[in-house]
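A.B. asks: This is the structure I have questions about; it appears just below.
Values in this text are rule-based calculations from the coordinates and carry no lab data. This structure is a prediction, so every number in the text was calculated from the model and none was measured. Methodologically, a virtual Cβ is constructed for each residue, glycine included, from the backbone with ideal geometry; neighbour enumeration extends over all protein chains shown.
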Amino acid sequence: MSENNHLSSQFDDDLSRLRSHVLQMGGLVETQISAAIEAYSRGEVASVKHIVETDRKVNDLEVAIDDDCAHIIAKRQPAASDLRMVFGISKIVTDLERAGDEAKKIAKGVRRIYEAGQMPSQYGIGVRHIAEAALAMLRQSLDAFARLDSPLAIKVIQADVDVDVEFKSIMRQLITHMMEDPRTITTSIDIIWIARAVERIGDHAKNISEHVVFIVDGRDIRHQPKENKA
Amino acid sequence: MKPLTTEEIRAVIAKGKFYDNLFKAVGVFCLAFALLVIVALIADMVIKGSERFTLDFFFNFASRRATEAGILSAWVGSLLVMLVTAMAAVPLGVAAGLYLEEYAKRNLLTNIIEVNITNLAAVPSIVYGLLALGIFVYQFGFGQSILSAGLTLALLILPIIIVSTREAIRAIPAMIREGSMAVGATRWQTCRFHIIPYAMPGILTGVIIGLARAIGETAPIITIGALTFIAFLPPVPFSAADAGTTAGLFDWLLSPFTVMPIQIFNWTSRPDPAFEVNAAAAGFVLMVMVLSMNAVAIYLRYQMRKKIKW
Amino acid sequence: MESPMQIQETPTLKAEARNLNFFYGENKALRNINMPIYDKKVTALIGPSGCGKSTYLRSFNRMHDLYPGNRYEGEIRFFPDNTNLLGADVDPIEVRMRIGMVFQKPNPFPKTIFENVAYGLRVRGETNKRVLEDKVEHALKGAAIWEEVKDRLPEQAPNLSGGQQQRLCIARALATDPELLLFDEPTSALDPIATGAIEELIHELKKRVTILIVTHNMQQAARVSDYTAYMYLGEMIEFGKTDEIFIKPQDKRTEDYITGRMG
């Protein structure tokens, strides 16, 4: 990324506004996810409505940012780092929007569990742990984007493995639990859905980090064996 | 700065326009003065010479009686001298101009040559006459002939033709030359297919302007000794000559001759005022010859330029 | 970064600049240029005004020899015969017979359309009318202008539109089957439609001939070329596959130029 300004200051303005919109959208998704985690661990059904409403704002931002990207491509024909930035942002917002959708799914799952009067079982504690790990991944991927820090982005990509491992262990625990006590099946399935959503958030954070690596280094490291990613 | 109001803008324009109109008036006056002089000159000749505008005047030889004297030998002489001048000066001038523009390397020598060509154009014509007297008349033994006169005038107009050839060549865009060279043409191919044809209108203009100047020249012709009283025409090729021989193809070149300006000069220097009428009439004819040469130059240039666009 | 869009095979060399320096009198205009030109590929030269890209291009057909005071150092090797185009023993006319050129401004001769295209053949001494007619038709078809001018061959070429004139100039260059075709900003005097036609033509031509093109228009370089070289102040800053230069240039100066951060 070049520290020089463009000959066209308007182009600079357009690009920096685009980036700050992405960070703003990222901030909204982060609050959605952390609110969903809070709701899950404390049983705050009231905040679910707020999370769902925030999702609408996130969707609006996604559309607005995509529109800006299209305009920049049409008017400026960006090349090299500018092209990677616009192209990367357009993909990052897709992942951010889906991460927001996952937060909404968590919130709705929480509402089902608590409205049915079922407290999350002790095995659900693990969910809170990976949820925080996934949220940290997302936060770091956005930091990596804000600072154009590809080593940080690569760390996030590597962290996704841990989340996946932990998700599998939660699944095994919950399956054992359901076999021991069939009455907990309904709740356990809801918890599985929530854990699944958390794991997906981790995947989106990883995708965002991959886009950041593309923006910064011009390398496309998706779908490659891990040893190539460092 | 406060923007000007409409009134102020109009005042500024009006002030500017005053000088516009002033200059227009001065310009028209100058132009009218120059034109008036020429018109007066021509009108004077026409009025003075009017009684001589008969066929006889064109087909009579010089005579001691003003009313019987004509300009036959003079205009034929002028035409023949011009023919020799053109035949000599055009190839030489065009070749020299072409060489200087297309072949010669830019160095001190070519710079000196260039300066001197311009200087040659400024040399008084009488000097050419003296030069020709020494070289053509005596050294080469051409005598006081059409050939000597034609070559002398050719020298005189050579700088004009060289300069106009160079100007015409320079007006050809470099991209045409490059376009030709880029397909693998040699310099000569480029000159033959492009430079010479495209420079032709300009060269032709220079040639005719040069000839128009040459046809009115008196001094060098007198210097080499043109006769002022000639009652015969140069021998027509293969016509019967005296003593039963036949004239050769080029015999006319070495024939004595006279030309229009000399005829006029001769008439004006006679004491009999009747010859002044002849002089005026001949002057008018010479004028028409020069003007029509210029007209032909303008017409040809226009016709040729129409086809050449870039 | 491997993708099916990229050129997988190793291309053969058509020409190669080796330690090329060029001087306009005392003024060094090209500095130690080393660069390959690949056979049947389009190579674009980009860079700001005065960077030497046109000077470099015009070294290939020895155009600089037309003017005094110009001097080359180093060599441009031309394959397959490994001739040094700049060699003292190589006649510039021989070079120009093998390498065609299309100029910035269309420069048709003020002659007929037919004569414009036939000129290169006439220069080579071809006089057979049938051969001339065949080759002119073939060249005009190659330059995608045959349909427009086939009924107007005896007309004056400068009466054509700018875009047609430029395609006529391409036909003139094609008529003599050049091995390498040089384009010096061929569309800078043309409107976008005519530009599009020329770009499409370049794409067609690379099946038959190697192309080296100088362009001010970066998008044009990105659209038409397989390889791109970025030049700055007489130096070759970066040479690479066009896809890579326009997505991830290696040199910061290339990056700044391509993204409009110069100056």
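A.B. asks: In debye, nearest 20: dipole of chain B around its Cα centre with unit charges on the Cβ of K, R (+) and D, E (-)?
C.D. replies: The dipole magnitude comes to about 1240 debye.
A.B. asks: If you don't mind, there's one more thing I want to ask. Going by Cα centres, the stretch C:206-263 and the stretch A:59-103 are how many Å apart?
C.D. replies: For the stretch C:206-263 versus the stretch A:59-103, the Cα centre distance is 26 Å.
A.B. asks: Ranked from highest to lowest mean number of other Cβ atoms within 10 Å per residue, what is the order of the peptides B:85-98, B:253-266?
C.D. replies: Descending packing order for the listed peptides: B:253-266, B:85-98.
A.B. asks: Assigning unit charges at the beta carbon (Lys, Arg +1; Asp, Glu -1) and nothing else, what dipole magnitude in debye, to the nearest 20, does the protein assembly as shown show about its Cα centre?
C.D. replies: That gives the protein assembly as shown a dipole magnitude of about 1480 debye.
A.B. asks: What FRET efficiency, computed as 1/(1 + (r/R0)^6) with R0 = 35 Å and r the Cβ-Cβ distance, is obtained for B:L83 and C:E133, rounded to the nearest 0.05?
C.D. replies: Efficiency, rounded to the nearest 0.05: 0.25.
A.B. asks: Can you give me the relative contact order of the stretch B:37-156 as a percent, contacts being Cα pairs under 8 Å and 6 or more apart?
C.D. replies: 25
A.B. asks: Moving on to the next point. Hey, got the average number of other protein chain Cβ atoms within 10 angstrom for residues in C:251-259?
C.D. replies: Going residue by residue through C:251-259 and averaging, the value is 5.
A.B. asks: To continue, here is another question. Quick check on the stretch C:144-242: what does the Kirkwood estimate of hydrodynamic radius come out to from the alpha carbon pairs, in Å?
C.D. replies: Kirkwood hydrodynamic radius for the stretch C:144-242: 14.7 Å.
A.B. asks: Now for a separate question. Please say if the stretch B:6-51 is rounded, prolate or oblate, where rounded means a/c under 1.5 for a ≥ b ≥ c the square roots of the C-alpha gyration tensor eigenvalues, and otherwise the choice is prolate for a/b larger than b/c and oblate otherwise?
C.D. replies: prolate
A.B. asks: Find the centroid of the Cα atoms in the stretch C:18-34 and in the stretch B:234-291, then give the distance between the two in whole Å.
C.D. replies: The stretch C:18-34 and the stretch B:234-291 have Cα centres spaced 67 Å from each other.
A.B. asks: Continuing with this model, one more query. For chain C, with only Lys/Arg (+1) and Asp/Glu (-1) charged at the beta-carbon, what is the dipole magnitude about the Cα centre, in debye rounded to 20?
C.D. replies: Result for chain C is approximately 320 debye, rounded to the nearest 20.
A.B. asks: Below 8 Å between Cα atoms, with a sequence gap of 6+, how large is the relative contact order for the stretch B:231-310 in percent?
C.D. replies: 18
A.B. asks: Something else now. Considering the options C:N82, C:Y38, C:P192, tell which one lies farthest towards the positive end of the dipole of the stretch C:11-258, charges being +1 on Lys and Arg and -1 on Asp and Glu at the Cβ, about the Cα centre.
C.D. replies: Result: C:N82, furthest along the dipole toward the positive end.
A.B. asks: In the structure displayed, which of B:K309/C:K135; A:K57/A:K155; C:K111/C:K150; A:K91/A:K168 lie more than 23 Å apart, Cα to Cα?
C.D. replies: Exceeds cut-off: B:K309/C:K135; A:K57/A:K155; A:K91/A:K168.
A.B. asks: Here is a follow-up. Just check the stretch B:1-103 against the gyration tensor rule for me: Cα atoms, a ≥ b ≥ c as the square roots of the eigenvalues, rounded for a/c under 1.5, and otherwise prolate or oblate depending on whether a/b exceeds b/c.
C.D. replies: oblate
A.B. asks: Would you kindly derive the ³J(HN,Hα) couplings of the stretch C:231-246 from the backbone phi angles with the Karplus curve 6.51 cos²θ - 1.76 cosθ + 1.60 (θ = phi - 60°), listing them in order in whole Hz, with x for Gly and Pro?
C.D. replies: Once θ is set to phi - 60°, the couplings for the stretch C:231-246 become 10, 8, 6, x, 10, 8, 7, 8, 10, x, 4, 4, 4, 6, 4, 8 Hz.
A.B. asks: Need one word for the stretch B:208-310: rounded, prolate or oblate. Basis is the Cα gyration tensor (sqrt eigenvalues a ≥ b ≥ c); a/c below 1.5 gives rounded, then a/b vs b/c decides.
C.D. replies: Oblate shape, in that a/c is at least 1.5 and b/c is the bigger or equal ratio.
A.B. asks: Report the equivalent ellipsoid semi-axes for chain A in whole Å, largest first, defined as the square roots of five times the eigenvalues of the gyration tensor built from alpha carbon atoms.
C.D. replies: 37, 20, 11
A.B. asks: Under 19 Å Cα to Cα from C:K241, which lysines show up? Leave out anything in the same chain fewer than 8 places away.
C.D. replies: Counting by Cα, and skipping residues close in sequence, C:K241 has these lysines nearby: C:K14, C:K40, C:K41, C:K53, C:K206, C:K207, C:K252.
A.B. asks: Right, another one. Most exposed first by the Cβ proxy, i.e. fewest other Cβ within 10 Å, how do B:V288, C:V102, A:V45 rank?
C.D. replies: B:V288, A:V45, C:V102
A.B. asks: Straight-line reach from B:K48: which aspartates and glutamates have Cα under 16 Å away, leaving out those fewer than 8 places along the same chain?
C.D. replies: Leaving aside aspartates and glutamates fewer than 8 places away in the same chain, those within reach of B:K48 are B:D272, B:E276.
A.B. asks: Could you point to the residue in C:H64, C:G142, C:T259 farthest towards the positive end of chain C's charge dipole, with +1 and -1 charges on the Cβ of Lys/Arg and Asp/Glu respectively?
C.D. replies: C:H64
A.B. asks: Another question about this same structure. Remind me, what semi-axes does the stretch A:16-113 give for its equivalent ellipsoid, largest first in whole Å, using sqrt of 5 times each Cα gyration tensor eigenvalue?
C.D. replies: 32, 10, 9
A.B. asks: Related question: Tell me, how many Å apart are the Cα centres for the stretch C:64-96 and for the stretch B:120-136?
C.D. replies: Here the answer is 49 Å between Cα centres.
A.B. asks: Once you've got the GNM for chain C with C-alpha springs shorter than 10 Å, pick whichever of C:A44, C:A88, C:A175 has the biggest mean-square fluctuation.
C.D. replies: The residue that fluctuates most here is C:A88.
A.B. asks: Can you list the residues, at least 5 places off or on another chain, whose amide H is less than 5 Å from the amide H of A:H6, using H built in the peptide plane?
C.D. replies: A:D12
A.B. asks: Projecting each Cα onto the charge dipole of the protein assembly as shown (Lys/Arg +1, Asp/Glu -1 at the beta carbon, about the Cα centre), which of A:S81, A:A197, B:G150 comes out farthest on the positive side?
C.D. replies: Working it through, the farthest residue towards the positive pole turns out to be B:G150.
A.B. asks: In peptide A:79-86, how many Cβ atoms from other protein chains are near each Cβ within 10 Å, on average?
C.D. replies: 6
A.B. asks: Which whole-number percentage describes the relative contact order of the stretch A:3-228, with Cα contacts under 8 Å and a sequence gap of 6 or more?
C.D. replies: Dividing the mean separation by the residue count of the stretch A:3-228 yields 26 percent.
A.B. asks: Using the count of nearby Cβ atoms within 10 Å as a rough guide to exposure, how do C:L160, C:L132 rank from fewest to most?
C.D. replies: C:L132, C:L160
A.B. asks: Could you pull out every residue, at least 5 positions away or on a different chain, whose amide H is within less than 5 Å of the one on C:M231? Hs are placed 1.01 Å off N in the peptide plane, and Pro or chain starts have none.
C.D. replies: Result for C:M231 returns C:I46, C:G47, C:I237.
A.B. asks: Using each residue's phi in the stretch C:123-136, evaluate 6.51 cos²θ - 1.76 cosθ + 1.60 at θ = phi - 60° and report the 3J(HN,Hα) Karplus result to the nearest Hz, with x for Gly and Pro.
C.D. replies: Residue by residue, the stretch C:123-136 yields 4, 7, x, 6, 10, 5, 5, 4, 4, 4, 4, 4, 5, 4 Hz.
A.B. asks: Using Cα springs under 10 Å in a Gaussian network model of chain B, which residue among B:G49, B:G16, B:G179 shows the largest mean-square fluctuation?
C.D. replies: Result: B:G16 has the largest fluctuation of those listed.
A.B. asks: For the stretch B:53-307, take the convex hull of the Cα atoms, compute a quarter of its surface area, and give me that in nm², please.
C.D. replies: Mean orientational projected area (the stretch B:53-307, Cα hull): 17.0 nm².
A.B. asks: Once amide H atoms are placed 1.01 Å from N in the peptide plane, what residues at a sequence separation of 5 or more from C:V102, or on another chain, have their amide H within under 5 Å of its amide H?
C.D. replies: Long-range HN contacts for C:V102: C:L182, C:F183, C:D184.
A.B. asks: Just C:K14, C:K129, C:K105 to compare: in a GNM of chain C, with alpha carbon springs under 10 Å, which one fluctuates most?
C.D. replies: C:K129
A.B. asks: Residue by residue through the stretch C:92-99, what is 3J(HN,Hα) from phi via Karplus (6.51 cos²θ - 1.76 cosθ + 1.60, θ = phi - 60°)? Round to whole Hz and write x for glycine and proline.
C.D. replies: With coefficients 6.51, -1.76 and 1.60, one gets x, 5, 4, 4, 5, 6, 9, 10 Hz.
A.B. asks: Of B:W75, B:W188, how do they rank once you tally other Cβ atoms within 10 Å and put the fewest first?
C.D. replies: Sorted ascending by nearby Cβ count, the order is B:W188, B:W75.
A.B. asks: If the viscosity is 0.692 mPa s and the temperature 37 °C, what translational diffusion coefficient in µm²/s does Stokes-Einstein give for the protein assembly as shown when Rh comes from Kirkwood over Cα pairs?
C.D. replies: It comes out at roughly 94 µm²/s.
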